[in-house]
Amino acid sequence: MNELADVNKLIPYLAELLGEVGFDAETVQQILAQIKTYDDIDHLIYQIQDFFNTKRVALDAQTKFYNTFPQVYPAVMALQTASGLTNEAAKTCVYYAVGTYGLEQLQLYPILLFQGATGTGKSDAMKVLAQLVYKPSWLGTKSPIDMVSKLLRHR
C-alpha cells in the first residue's frame, strides 16, 4: 500500500482533531487538502502544538498580570482618588512606576507624559506617582523643546 493511501486513512481523525481545537469546517477542508504525506501530518501537528504553546504562554502572562491586582489595586485607587484618572490610566501609571525599579538594568526607559487642560489632575497624579517610582525626576515643562533640553542636561 502506498503512503497516500495510508495518509488518507488518517484524514477523518485529523479532521476531528482540527475541529476539536477550534477550526471551522471550511478551514479544516483547506488544511486537509494539503495533507499528502506523513511529513505533512507531522508538520500540521507541530503547528498545532506551536499554536497551543503560544496560547499557553499568553495565558500564563495574563494570569501573572491578574495576580498582581491585589498589590496594584491600592496604588491605582490612590491615583484615581487624587487625580481623577481613569482606571486604565491609573493602572498604566502604576505599572510604569513598577518598571522604574529595573532602570539600572535597562538602557532605555520611556518618559511618562501627562497632558490635559488646566485643573484635570495632572500635577496631583504626578505627585502620587512620584511616591511610587524609583528615583523620580520631575521635568516640569510645557514645551517639547524645553523637555528635550532638560532631558539632555539630566543625563
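What follows is calculated from the coordinates using simple rules that are stated; it is not laboratory data. Everything quoted here is computed from the prediction, not taken from an experiment. Virtual Cβ from ideal backbone geometry, glycine too; neighbours counted across all protein chains shown.
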Worksheet entry | Distance (nanometres) between label positions extended 7 Å along Cα→Cβ at Glu20 and Thr37 | 2.7
Discussion item. For region 64-150, compute the orientation-averaged projected area of the C-alpha convex hull (one quarter of its surface), in nm².
Written reply: 6.3
Worksheet entry | Those lysines that a straight Cα-Cα span of less than 16 Å connects to Lys122, excepting residues fewer than 8 apart in one chain | Lys91, Lys142
Response to the item:
When Leu152, Leu14 are arranged by how many other beta-carbons sit within 10 Å of their Cβ, fewest first, they go Leu152, Leu14
Practice prompt. Would you kindly state how much longer the chain becomes between Ile11 and Thr63 on full extension, computed as 0.36 nm times their sequence separation minus their alpha carbon distance, in nm to one decimal?
Written response: 15.1 nm
Worksheet, complete the sentence: For Lys55, the lysines lying under 19 Å Cα to Cα, once residues fewer than eight places off in the same chain are dropped, come out as Lys64
Worksheet, complete the sentence: Taking a crude spin-label model, label points 7 Å out from Cα along the C-beta direction, the Lys135 to Gln71 distance in nm is 2.1
Practice prompt. Give me the percent of Cα-Cα pairs in region 3-66 that sit more than 20 Å apart, rounded to a whole number.
Written response: 36
Worksheet item: Rg and Dmax of the chain, using alpha carbons, in Å: what are they?
Response: 26.4, 81
Worksheet entry | Computed [θ] at 222 nm, helices only, for the chain once each DSSP H run of length n ≥ 4 contributes -39500 (n - 2.57) | -22000 deg cm²/dmol
Practice prompt. Assign unit charges at the C-beta atoms only (+1 for Lys and Arg, -1 for Asp and Glu), then state the dipole size of the chain relative to its Cα centre in Debye, rounded to the nearest 20.
Written response: 1540
Discussion item. Suppose R0 equals 30 Å. What FRET efficiency, 1/(1 + (r/R0)^6) with r the Cβ-Cβ distance, do Tyr96 and Asp50 give to the nearest 0.05?
Written reply: 0.40
